[in-house]
1. Which shape class, rounded, prolate or oblate, goes with segment 26-119 when its Cα gyration tensor gives a ≥ b ≥ c as root eigenvalues, a/c under 1.5 marks rounded, and past that a/b bigger than b/c marks prolate?
2. When the label point is put 7 Å from the Cα of T295 along its Cα-to-beta-carbon vector, which residues of segment 158-182 have a backbone N closer than 11 Å?
3. Run the Debye formula on the Cα coordinates of segment 190-345, all scatterers equal and no solvent, and tell me log10 I(q)/I(0) at q = 0.09, 0.10, 0.11 1/Å.
4. So what's the net charge close to F249: Lys and Arg +1, Asp and Glu -1, counting the other residues with Cβ under 13 Å from its Cβ?
5. Cα-based Rg of segment 95-213 per 2.2 N^0.38 Å, rounded to two decimals?
6. Of all chymotrypsin sites (Phe, Trp or Tyr not before Pro) in segment 239-345, which ones are in loop regions per DSSP and have a Cβ with at most 13 other Cβ atoms within 10 Å?
7. Give me the aspartates and glutamates in straight-line cross-link reach of K182: C-alpha distance below 20 Å, same-chain residues under 8 apart excluded.
8. Report the rotationally averaged projected area of the chain based on its alpha-carbon convex hull, in square nanometres.
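Read-outs: derived from the displayed coordinates by stated rules, not from any lab. Keep in mind it's a predicted model, so treat the numbers as computed, not measured. We place every Cβ from the backbone using ideal geometry, glycine too, and count neighbours over all the protein chains shown.
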Amino acid sequence: MKLASLMGGRDGRLIVVSRDLERATDAGAIAGTMQAALDDWARMEPRLTALATALDRGAAPSFPFHPCACAAPLPRAYQWADGSGYVNHVELVRRARGAETPAHFWTDPLLYQGGSDRFLGPCEPIPLLDKAHGLDLEAEVAVVTDDVPMGVDPLSARAHIKLLMLVNDVSLRELIPAEVSKGFGFFQSKPASAFSPVAVTPEELGDAWRGAKLCLPLLSYVNGAPLGRPDAGRDMTFDFGRLIAHAAFTRALGAGTIIGSGTVSNRGRDGGPGRPIARGGVGYSCLAEQRVVETLLDGAPRTRFLDAGDTVRIEMLDLDGRSIFGSIEQRVTPHVEQSPSRENS
């Protein structure tokens, strides 16, 4: 089953989307919003699945599906926590700022709690306040849970995964070193993240969803040129069950909690840092990794961070080459201060 939220109000309007992403139907008679569906998932899921089946059979009223009419599947969420599923990525970006990677990072996940009061839709611009901040994309996978009990074990945690999405976890690289050096985590260096137009249930993924990992390449493009195609199931140090259990170690998680994988990252064939696509590798899911490897190979980074006018695209295809989640397609635009509005109050 595939679900999305049309723009409108703070929480959007829930729709069911056809498997081929061509048509959609209103789900308001079942649940008005994605959060409402997740709050009562055990009762709502069978009804939404029946509607999805009717839509795919042409037996439900429908309209053309336009991803750019969508907000994020959850336009805002009670909780958004991003993990360190790919320690290869953590190691590389820490190397870029001259920081060692402690050994326990390979055995104990990291999580940071991101801003969840307002996410960007899949086609919304990425606002750029200052080019000097080092604007970067980070292509990731995320899961959405129902209510998760405190102290859940990693294996049991897998049963609480109800939806999956793609993420552009936008980062401001030049703000990170000073911020994390204070020992209190990210805040200013992590502006609003964007999500794929569609969220899908795990069974929609078939054999690609195994071991609480999504085992398909995650495709990233900058200005139309391929940046990366690493396999999201390969080199994932901590699966989603482990990340959820870590988040729920001392607290219960409410329905609608989003847990991110961290930036998808693969090692090279030799076990070292992967190579850019232009040099025969699978590339990267962020510019920071490419810059680190350029420094290792050539002595200095050649790739710049994002600037106004640049475009980003993130997508995942099934084994038949069909888009699963739809694509995140964003343009970087200069931030323009807006006057206060009562539109969504």
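1. Numbers: a/c = 2.85, a/b = 2.61, b/c = 1.09.
Prolate, since a/c reaches 1.5 and a/b exceeds b/c.
2. What the label zone holds, given the 11 Å backbone N cut-off, is no residue at all.
3. The Debye formula, applied to the Cα set alone, gives -0.38, -0.46, -0.56.
4. Details: positive: R242, R251; negative: D108, D153.
Surrounding charge for F249 is 0.
5. Details: Rg = 16.6 Å, N = 119, 2.2 N^0.38 = 13.5 Å.
Compared with the compact-globule rule of thumb, segment 95-213 sits at 1.23.
6. In loop regions of segment 239-345 (DSSP not H, G, I, E or B), the sparsely surrounded chymotrypsin sites (Phe, Trp or Tyr not before Pro) are F249.
7. D82, E91, E100, E174
8. Seen from a random direction, the Cα hull of the chain projects 17.5 nm² on average.
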